[in-house]
Amino acid sequence: MIATTRTEPWAEGDLELLRRLNAPEMTAHLGGPETEDRLVDRHRRYLAPGAGRMFRVEVDGVPAGSVGYWARSWRGEPVWEVGWGVLPEFQGRGVATAAARAAVGFARAAGERRWARAFPSVDHPASNAVCRRAGFTFLGEVDFEYPPGCPIRCNDWGVEL
C-alpha cells in the first residue's frame, strides 16, 4: 500500500480529474463515458452538500482518482454506497484499497446508516479485489441498472458500520 495516499474533499478545481476518470477505459464497467453536460452536472453534485460526500484521491500530492459515499436505499434499508475510480497510472499500487477504506471510515463517522455497500460488476476483478482487501464481506450477486436502463450483474459487498 502507498503510505502517501490521501483523500481531500472534492473541490471546484477537480472537474479536469473527473474528465480523466470519464475515459472509456475507466467507465467500461459503468455503462461508458458520460457526456460533457452530464459530467458537469455530476461535478456540481459532488460539490453540493448532501447525504454523503465525494473526495479527490491523491498520491504524493498528485490527483490519482476519486472516492465517495452516498445515500441509497437497499432492500428497504438506508445504506451508504461506496464507489471509487483510480487513474490507470496509479492502479495496482493499493491506491483504490486505501481510498475505499478511507471512504468507509468517513461513512462510519457520518453515522445515520448501519451498512456501507459496494456493487462492482461481476466482470470487474480489480474492483472486487478492492472490496475484499478493504474489509467488505461478499454477500452475493445482484442485478442492477447502471446507468438507468442499462442492466448489469454486480456483486454485493458490505461492511457493517
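A few comments on the model shown:
- From the list ALA116, ALA129, the lone residue that is modelled with pLDDT of 95 or more and under 21 Å from ALA71 (Cβ atoms) is ALA116.
- Condition met for ALA48 (over 23 Å from CYS154 (Cα atoms) and either out of contact with any Phe, Trp or Tyr (no Cβ under 6 Å at 6 or more places or on another chain) or of a type outside the set (Ser, Thr, Tyr) (or both)): yes
- When ALA116, ALA96 are checked against the criterion of being in a helix (DSSP H, G or I) and closer than 23 Å to PHE138 by Cα, ALA96 stands alone in meeting it.
- Of all positions in segment 119-133, none carries a residue that is surrounded by 19 or more Cβ atoms within 10 Å (Cβ to Cβ), touching a Gly at 6+ places or on another chain (Cβ under 7 Å) and either under 21 Å from MET26 (Cα atoms) or not hydroxyl-bearing (Ser, Thr, Tyr) (or both).
- For PHE136: the one exception among (1) under 20 Å from GLU25 (Cα atoms); (2) buried (at least 21 other Cβ atoms within 10 Å of the Cβ): (1)
- Number of positions in segment 12-46 that are within 22 Å of ARG108 (Cα to Cα) and surrounded by 14 or more Cβ atoms within 10 Å (Cβ to Cβ): 1
- Segment 52-72, subset within 15 Å of the chain's Cα centre (by Cα) and over 15 Å from ALA96 (Cα atoms), residue surrounded by the most Cβ atoms within 10 Å (Cβ to Cβ): GLY52
- Scan segment 132-153 for residues that are part of a loop (DSSP other than H, G, I, E, B) and modelled with pLDDT of 90 or more and the total you get is 3.
- Residue check for VAL159: in contact with a Phe, Trp or Tyr (Cβ under 9 Å, 6 or more places away or on another chain), touching a residue at least 40 places away in the same chain (Cβ under 8 Å), closer than 19 Å to TYR46 by Cβ and not in a loop (DSSP other than H, G, I, E, B): no
- Sub-6 Å Cβ pairs linking a first residue in segment 71-94 that is of a type outside the set (D, E, K, R) to a second residue that is modelled with pLDDT under 95, at least 6 apart or interchain, are ALA71/ALA51; ALA71/GLY52; VAL79/ARG72; GLY85/MET26; GLY94/MET1; GLY94/ILE2, ordered by first then second residue.
The values are calculated or read from the model by the stated rules, or taken from the named source; none is laboratory data. In this text, all values refer to a predicted model and were calculated from it rather than measured experimentally. A quick note on method: Cβ atoms are made from the backbone with ideal geometry, for glycine too, and the neighbour counts reach across all protein chains shown.
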